[in-house]
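The values are calculated or read from the model by the stated rules, or taken from the named source; none is laboratory data. None of these values were measured; they are calculated from a predicted model. Cβ atoms come from the backbone with ideal geometry, glycine included; neighbour counts cover every protein chain shown. To get the accessible areas, we keep the full protein, side chains included, count just its heavy atoms, and leave off ligands, DNA and RNA. Shrake-Rupley method; radii C 1.70, N 1.55, O 1.52, S 1.80 Å.
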Amino acid sequence: MLRRLLGDPGYDRVTVLSRRELPLAHAKLTQRLVDFEHLAQLADVPRVHDVFCCLGTTIKQAGSTDAFRKVDLTYVVELGRVAARHRASQFLLVTALGADPNSRVFYSRVKGETEAAVRRLPFDGTHIFRPSFLLGARAERRWGEWLAGLLTPLVSWALVGPLARYRPIPATAVAQAMVRVAREAAGGAHVYESDAIRRLAAR
């Protein structure tokens, strides 16, 4: 996502909020090291048009369901509140396929609750992206996504029509779709699942 934004001529400034410094330098890039426990107290927030939120973890990484909920819900919603308070126009959020606040699956329920909370914030445009398994390089290997990457060539031909949204999707395609949607700046709340994300990325 970051590299896509830095390479897009439509953005003359990109500010990253991160827990640690990223090994990346660019004329358009400003890095802000922040404590996500205290996002509400964040000072000197730059005036921006678009906010891209790709924040997320796994229960295994987080260490508990409570810690997972803090990252995937509390931090995301607090970022949204900060962005809205500083008059950002659009909030673009990555959640997951199956997100539903009424789901019996904890992961999907938290993602759905996060979406619902973000939708209530006063942005001109709220764009929610629900990818299936994300394909791409990771610092850690997630066995489910690794297996999906191996099986994709074998099963993708069968995932057509309503099943197309279940095809694994490259993270680069999600980033490309998010930037395209941001540039088009449609108002209101919108949800894009994997099949729609793939079409947007290919345009």
- prompt: Which residues, counting only those in region 28-40, are more than 25 Å from residue 183 (Cα to Cα), outside any loop (DSSP other than H, G, I, E, B) and of a type outside the set (A, V, I, L, M)?
  reply: 36, 37, 38
Flag if residue 195 is at pLDDT 95 or above and either more than 27 Å from residue 11 (Cβ to Cβ) or charged (D, E, K, R) (or both): no
- request: Scan region 43-60 and report the pairs whose first residue is of a type in the set (D, E, K, R) and whose second residue is loosely packed, with under 15 Cβ neighbours inside 10 Å, with Cβ atoms within less than 7 Å and a gap of 6+ or a chain change.
  value: 47/86; 47/87
field: Residue under evaluation residue 10, criteria (1) over 21 Å from residue 182 (Cα atoms); (2) exposed (fewer than 14 other Cβ atoms within 10 Å of the Cβ), criterion not met
entry: (1)
query: Restricting to region 119-144, what's the tally of residues that are more than 17 Å from the chain's Cα centre (by Cα), at pLDDT below 70 and open to solvent by 30 Å² or more (accessible area, probe 1.4 Å)?
result: 5
- request: Return yes or no: is residue 57 of a type in the set (Ser, Thr, Tyr) and under 14 Å from the mean Cα position of the chain (by Cα)?
  value: yes
- prompt: Residues 25, 67, 43, 96: which one is over 14 Å from the mean Cα position of the chain (by Cα) and either assigned to a helix (DSSP H, G or I) or under 24 Å from residue 194 (Cα atoms) (or both)?
  reply: 67
message: Test of understanding: among 29, 5, 22, which residue is within 30 Å of residue 68 (Cβ to Cβ) and touching a residue at least 40 places away in the same chain (Cβ under 8 Å)?
response: 5
